Amino acid sequence: MSERDLLLHVRIRRALEARIRTGQWGPGTRIPTEVDLCEEFGVSRITVQRALRDLADAGLIVRFRKRGSFVAQAVGRHNLLRFTGLLIQGPEAHGDHRVISAQVLPAQAARLRLPGVPGDEAVVQMERHKIGADGHVMNTELHVLPFRLAPDLLQQPLGPLTTHAYLRDRGVELVRARLYVDPHVLDEVEAELFGLPEGTPVFRWTRETWTRRGEIAELLEEIVPTRSDRFYVETDLSGSADRS
């Protein structure tokens, strides 16, 4: 997808998300058809489909074959498997990102220490904030990757970048990701950033990603206020229990 197409689909997704978040489109509201949205925004059907897919992945709408798309009954549900899944294409968590800093530095100076990486080895550290439709910070992200696996990361468009996809595109074989969810309370700086009282309980997510060679590929930490969102994991139980 070209940079122009990316900007178009992001603009459309934000416009539609704002209609949902503000209550203009309440739960159960039928979203205009893809043809209608193409006419409204003057874009291709592929671009509209990408925007709708982002909204569906974020839990804001549900889509039915031949029936169309509808605003979800419970807005703000997020599948944690998107955050850990190595086979999922596209971003783990949809939304616009503001890049706060990005730099190369020794591993010992990074804010997150990569297991098994010597302190004098170079790493890439990137900090981003996810921005909601209302312009407020939804969560913070801190990524640390070995520089040898991501030597040109800082030359990429960092706002929309998905690190798993970037590593796969470079030929890094990712085979395992583990997500830790810990309780955390906001300090003074974090509280001001989120517009919440100091000491507010939030989630701290830490994701470790490993290569087939058993090397750490990335360490990612997110600070996630609870707000009204809900997070879930869904398991398919349709398979046979007797399968060996």
Selection count, segment 5-53, where residues are farther than 21 Å from PHE64 by Cα, open to solvent by 70 Å² or more (accessible area, probe 1.4 Å) and of a type in the set (A, V, I, L, M): 1
Counting only residues that are assigned to a loop (DSSP other than H, G, I, E, B) and in contact (Cβ under 8 Å) with a residue 24 or more places away in the chain, segment 29-43 contains a total of 4
Restricting to segment 145-159, give me the number of residues that are at pLDDT below 95 and open to solvent by 70 Å² or more (accessible area, probe 1.4 Å). 1
Identity of the residue in segment 113-124, outside any strand (DSSP E or B) and either under 28 Å from VAL202 (Cβ atoms) or β-branched (Val, Ile, Thr) (or both), that ends up most open to solvent (accessible area, probe 1.4 Å): ARG113
Any chance segment 125-139 includes a residue that's within 10 Å of GLU218 (Cα to Cα), hydrophobic (A, V, I, L, M, F, W, C) and surrounded by 12 or more Cβ atoms within 10 Å (Cβ to Cβ)? no
Residues (part of a loop (DSSP other than H, G, I, E, B), open to solvent by 50 Å² or more (accessible area, probe 1.4 Å) and over 27 Å from ALA51 (Cβ atoms)) located in segment 160-195: ARG170, GLY171, GLU173, ASP187, GLY195
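The values are calculated or read from the model by the stated rules, or taken from the named source; none is laboratory data. Treat the numbers as computed from the prediction; the structure is a model and nothing was measured. Every residue, glycine among them, receives a Cβ derived from its backbone with ideal geometry; neighbour counts consider all protein chains shown. For accessibility, only protein heavy atoms count, side chains too; no ligands or nucleic acids. Shrake-Rupley method; radii C 1.70, N 1.55, O 1.52, S 1.80 Å.
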